[in-house]
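Below: the structure, in structure tokens.
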Amino acid sequence: ALSLRARDLARNASFEAAWVTLEWILIAALVLAVILGVSRFVHTALSRIVVIRIYRDLQNAIVARLVTLSAGQLLDARRGDLIARMTQDLSRAVNGVIQPLYSQVILQPIRLLALYAVAVWVSPPLAVGLLLLGLTVLYPILRWGKRIRRSARKRQSALAEVVEALHQLFDGMRVVKAFCREDH
């Protein structure tokens, strides 16, 4: 019965009908590609605008806080540490945390829910398996995250020491030159 049905469909099919269908598929693919490109451009532009504004606001907040500190507090702080925090930390925070967070907080939950809904629709046991797999993957990520944060704090402290040493070098260059102590 199936082969007879297939034979009837083959007799009724025409090259022209297949070509029209293919043209519609190509037009739909082209329209979807244009929509995807425009939406990616808009997403990138909006996320950059948001990130730039966040960066500016954080810089202004840090400067406002530094201005309110007493002279004693500023004397205790190393200049290199302050400069590193104003430049490196802020840049890393914005580029490494806020920008991806902005994209991930908005887009990824929607994608995950859509994909999980498809998994539930295709196969509920598959959806349960995916949920269990996701939970088992989440645990090591959380553990490694703590180690990475500790390592990042150590690296930031080392970078602050280097920046402080450079600042002292540049700050004391006149004194060194004045007393001819370059070798020392």
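The values are calculated or read from the model by the stated rules, or taken from the named source; none is laboratory data. Here the structure is a predicted model, which is why all the values come from computation and not from measurement. As a convention, Cβ positions derive from the backbone with ideal geometry for all residues, glycine included, and neighbour counts pool all protein chains shown. Surface accessibility is based on the protein's heavy atoms, side chains included, excluding ligands, DNA and RNA. Shrake-Rupley method; radii C 1.70, N 1.55, O 1.52, S 1.80 Å.
Per q in 0.13, 0.23, 0.31 1/Å, what log10 I(q)/I(0) does a Debye calculation on the alpha-carbon atoms of the range 1-52 return? So the normalised log intensities work out to -0.57, -0.85, -1.02. Among the listed values (1) -0.62, -1.10; (2) -0.78, -1.28; (3) -0.45, -1.14, the one matching log10 I(q)/I(0) by the Debye sum over Cα atoms at q = 0.10, 0.18 Å⁻¹ as calculated from this structure is (2). Computed over protein heavy atoms with a 1.4 Å probe, the carbon and sulfur contribution to the accessible area of the chain reaches 70%.
Using a probe radius of 1.4 Å on heavy atoms only, what accessible surface per residue do you get for the chain? Whole Å² is fine.
I get 83 Å² per residue for this part.
Taking the 0 to 90 degree range and rounding to the nearest ten, how far is the long axis of helix 15-68 tilted relative to the main principal axis of the chain, both from C-alpha atoms? Result, in degrees: 20.
Local charge sum around Gln168 (other residues, Cβ-Cβ under 11 Å, Lys/Arg +1, Asp/Glu -1)?
Combined, the nearby Lys, Arg, Asp and Glu give -1.
With a cut-off of 14 Å between beta carbons, the residues surrounding Arg155 carry a summed charge of +4, where Lys and Arg count +1 and Asp and Glu -1.
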